């Protein structure tokens, strides 16, 4: 017991020290606090994107889903690859525009390109409303693991409180730089934890080969779609692939990790790195499926990994792996708290409350927002129960809607502000209505988020084609930026005489 | 006028499309079975791992070849 308490203490203290040390490099500018002065290096970018993207949802939710619903979560291999590809294809363009026009938030890009205050506010509201529930599940998952790993010595409410206290301290002083540094530790820990947990636990059933043979004999429905409950078929397979990848990618925490990158070259490597990391899900396959054999009938499936560890692994190893799970949660929570505080500070405070605020004041407001959102998520975690994956997907379906106006902004000069605004409204209303109001939540088996995207994109295209933009200067400014981007990174796509504008140098 | 897309770029994006189709289109249902197991691993899992490996390799190749784009002339950061 003492050993596991020491592991938990180390898990809490080491990131705190790393965060505080990294903070010594910080400057008191908002650009440094929110996007590290757009100078984040390759190792930090990979780990902070990967650890932010992989959350309690991945660490606990994946095991739980293999355990209850069969192989549906295998679609995660593809959604990781799609996420990586989007980080290259969309992310690099967003990065380029962010660097050129000094963006810090999703609303900055949308509000600027669509030249619309209403859209700017709508995007900020969507990012805030749909990020907080996802933040809540990180806290729930992480605090639960700490509670179990400590043998109940650290109760849930205290674990959650400690969790946020530590995050607030190092983010307060170091901003995104401190998060990126701690995410290197969290990231390494979580990938190790997922892989080793699966390998170790499958060993309790005679190893992977023996485990699969037993499962094929005892519960073959766990090995094929639509799973043992018969409700996780192809439609849901495809829905998860789209919603999780796009929803997570459009979260404000990932946007900041596009703006922060120092060199455009890194974007080309990220699809490979993020895709490769998805192999860690094989660990979840082993854990979840072994659980079906050794611990059937567990009431709360999210507990399958901790329960298996406590029952079958030495106490210290179990504590270490659970700390890795808490790392998955913490590395996402820290980025989300920081991102929503960035949105509040820049999109609401700086733009509407105090446009004259100096750098020091902006950073101060950003820090106060950290505390406010942490408190909100803490209260939610204590009061709103729910399965991690269920809440997580509902939240992701909301942020996923932002992909439509984003693609419009980076690729299409006819994209119209009215189309972006009403498309988003239609998409969000569809998601909320199908999730909470309609008698059938998944028409044709497709998730509410997919229906939202279909209606959102349709409205966007139809209205854009029907209306003409009157702000030709804005449209031309972006067309020029896109042309410069192509000249810089895809010169073969330009005609020989299409020279980049002088501003291309500034955006490098 | 130069060619808009290099052959290499078409190959990269074509391979990518093939990989995603095998993982996410209804074609994947033809692999939705346990047998034949491959080295003790169910066929559906093997199918997913194979195409995941294929796409990961495509992404590595894409990175090494600048995603099939011609490299911009080296200007030392200035144009």
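Quick notes
- Total residues in the stretch A:337-351 satisfying the condition of being crowded, with 24+ Cβ neighbours inside 10 Å and under 27 Å from residue A:187 (Cβ atoms): the figure is 8.
- Across the stretch A:71-94, a minimum of one residue is classified as touching a residue at least 60 places away in the same chain (Cβ under 8 Å) and closer than 26 Å to residue A:365 by Cα.
- Every pair of residues 6+ apart whose Cβ atoms lie under 7 Å, when the first sits in the stretch A:475-492 and is in contact (Cβ under 8 Å) with a residue 12 or more places away in the chain and more than 9 Å from chain B (Cβ to nearest Cβ) while the second is buried (at least 17 other Cβ atoms within 10 Å of the Cβ) and part of a helix (DSSP H, G or I): A:478/A:113; A:481/A:97; A:481/A:100; A:484/A:504; A:485/A:93; A:485/A:96
- Residues in the stretch B:45-65 that are in contact with a helix residue (DSSP H, G or I) (Cβ under 6 Å, 6 or more places away or on another chain) and assigned to a helix (DSSP H, G or I): B:47, B:48, B:51, B:52, B:54, B:55, B:56, B:58, B:59, B:60, B:62, B:63.
- Counting only residues that are within 21 Å of residue A:445 (Cβ to Cβ) and surrounded by 16 or more Cβ atoms within 10 Å (Cβ to Cβ), the stretch B:8-21 holds 1 of them.
- You will find that of A:139, A:161, A:135, A:145, the residue that is surrounded by fewer than 24 Cβ atoms within 10 Å (Cβ to Cβ) and either in contact with a strand residue (DSSP E or B) (Cβ under 7 Å, 6 or more places away or on another chain) or in a helix (DSSP H, G or I) (or both) is A:161 and no other.
- Residue A:296, sole failed condition from (1) surrounded by fewer than 17 Cβ atoms within 10 Å (Cβ to Cβ); (2) outside any helix (DSSP H, G or I); (3) within 14 Å of another protein chain (Cβ to nearest Cβ): (3)
- Test: residue in the stretch A:175-191 that is assigned to a helix (DSSP H, G or I) and over 26 Å from residue A:88 (Cα atoms): no
- For the stretch A:345-432, the helices (runs of 4 or more DSSP H) that sit wholly inside it and include 3 or more residues that are within 25 Å of residue A:91 (Cα to Cα) and either modelled with pLDDT of 95 or more or more than 23 Å from the chain's Cα centre (by Cα) (or both) are A:403-411, A:417-432.
- Among (1) within 17 Å of residue A:129 (Cα to Cα); (2) touching a residue at least 24 places away in the same chain (Cβ under 8 Å), the one test that residue A:446 misses: (1)
- Within the stretch A:60-75, restricting attention to residues that are within 14 Å of another protein chain (Cβ to nearest Cβ) and crowded, with 24+ Cβ neighbours inside 10 Å, the residue that is farthest from the chain's Cα centre (by Cα) is A:70.
- When residue A:357 is tested against (1) farther than 14 Å from residue A:194 by Cα; (2) touching a residue at least 12 places away in the same chain (Cβ under 8 Å); (3) buried (at least 16 other Cβ atoms within 10 Å of the Cβ), only condition (2) is not met.
- Restricting the stretch A:446-467 to residues that are outside any helix (DSSP H, G or I) and at pLDDT below 95, the residue that is surrounded by the most Cβ atoms within 10 Å (Cβ to Cβ): A:447
- The stretch B:22-45, residues that are more than 8 Å from chain A (Cβ to nearest Cβ) and buried (at least 16 other Cβ atoms within 10 Å of the Cβ): B:22, B:31, B:43
- Residues of the stretch B:49-78 that are more than 17 Å from residue A:85 (Cβ to Cβ) and at pLDDT 95 or above: B:49, B:50.
The values are calculated or read from the model by the stated rules, or taken from the named source; none is laboratory data. Computed from a predicted model, the values in this text were never measured in an experiment. Glycine gets a Cβ as well: all are built from the backbone with ideal geometry, and neighbour counts include every protein chain shown.
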